[in-house]
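To start, the structure under review is shown below, and the notes come after it.
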Amino acid sequence: MNERIDRVGEDTGIAVTIFVSAAITVALCVLNFCVHVPNPDAILLVAIVFFSLVYGYAGGVTSGIVTVGYTLFYYSDHSGGSISVTEGNFEKIVVMVVAIIFMVIMVGMLKKKFDRKNQELMDSNNKLQALVTIDPLTGLSNRRALDDIYEMYLAQAIRNRQPISCIIIDIDDFKHINDTFGHLKGDECLQYTAAVLDRSVKRASDFVGRYGGDEFVILLPDTNEDGVKLVSDRLRSEMAKMKVVDATSTQIMALTVSAGLATMIPDANAEKSILLKYADRALYEAKRQGKNCVVVYKDQ
């Protein structure tokens, strides 16, 4: 279905290109003829270059065909009720046609080369942008991306008077994991946790990012407290399946997380970072209660 729509859009674009190129070139031909321009070739050749640069081969060829037709008409003898071409004008017509063909091909090639280079530049910029906003270890969005999306989601919640929820997750005893099992094993734990969190959200609009260190953030737009609890229960259930084991299998440790949840319908006067602060306070309380638990922030 999408391929068909793209094909229809492409065909429509080509039809518009041909129509615009032909219409403007015809208008130039009529103008040249009416005001008796001594040498209309230069103006029409400039038009061909322009349409080749802007629209590529389709525009250049269309303008070229119209120009060839006008050239035949302009250099023909219309006296005596018939159209004939003298030997001198025939040479001019041949030169003009060859020049048009050469120009369309050369400018069209330059256009394709320019478009290819431009696309390569856009692809490089997109890759660079991804590197700037993606955490290289976990593959999740980083703090910079979080700041941008958080501001957008908060403004959306204020505008639509909708709830927005946040979960801040922290791996329990992460320093102990690094000290006991090594930093490579700690990196594996971060990657596993990131994968679990990413699977725990279902909507395209749900955001998962690395907050820093062993902390992660989930933003859930248009989600109430019941909805955010479902997500937190899902991720804790998945995390319970993971055990940290050293190379000799003599030391085994459960990989658990604590999470702070916060939900609010913000207003325009609310502090910008208030939702994150509420979730962070709930996380602190979860740690205080013994870890491996979820606490929902309640405004006192």
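The values are calculated or read from the model by the stated rules, or taken from the named source; none is laboratory data. As the structure is a prediction and not an experimental result, all values here were calculated from the model. Ideal geometry is used to build each Cβ from the backbone, glycine not excepted, and the neighbour counts take in all protein chains shown.
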TODO: Return yes when Val228 is touching a helix residue (DSSP H, G or I) at 6+ places or on another chain (Cβ under 9 Å), buried (at least 17 other Cβ atoms within 10 Å of the Cβ) and of a type in the set (A, V, I, L, M) and no when it is not.
DONE: no
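Is it fair to say Phe174 is surrounded by 15 or more Cβ atoms within 10 Å (Cβ to Cβ), aromatic (Phe, Trp, Tyr), farther than 18 Å from Ala240 by Cβ and at pLDDT 90 or above?
No.
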- [ ] Among the residues of the range 7-60, write down those that are modelled with pLDDT of 75 or more and outside any helix (DSSP H, G or I).
- [x] Val35, Gly56
Open item on the list: Can you tell me which of (1) touching a residue at least 40 places away in the same chain (Cβ under 8 Å); (2) surrounded by fewer than 14 Cβ atoms within 10 Å (Cβ to Cβ); (3) touching a strand residue (DSSP E or B) at 6+ places or on another chain (Cβ under 8 Å) is the one Gln289 doesn't meet?
Closed with: (1)
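Being within 19 Å of Ala157 (Cβ to Cβ) and either crowded, with 20+ Cβ neighbours inside 10 Å or touching a residue at least 12 places away in the same chain (Cβ under 8 Å) (or both): is that true of Val244 here?
No.
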Task: Selection status of Val217, over 28 Å from Lys277 (Cβ atoms), outside any helix (DSSP H, G or I) and in contact (Cβ under 8 Å) with a residue 60 or more places away in the chain - done: no
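Residue-by-condition table, conditions (1) hydrophobic (A, V, I, L, M, F, W, C); (2) within 16 Å of Leu219 (Cα to Cα); (3) under 27 Å from the mean Cα position of the chain (by Cα); (4) in a helix (DSSP H, G or I):
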| site | (1), (2), (3), (4) |
| --- | --- |
| Leu146 | yes, yes, yes, yes |
| Glu151 | no, yes, yes, yes |
| Leu154 | yes, yes, yes, yes |
| Ile158 | yes, yes, yes, yes |
| Asp170 | no, yes, no, no |
| Lys175 | no, no, no, yes |
| Leu184 | yes, no, no, yes |
| Asp187 | no, no, no, yes |
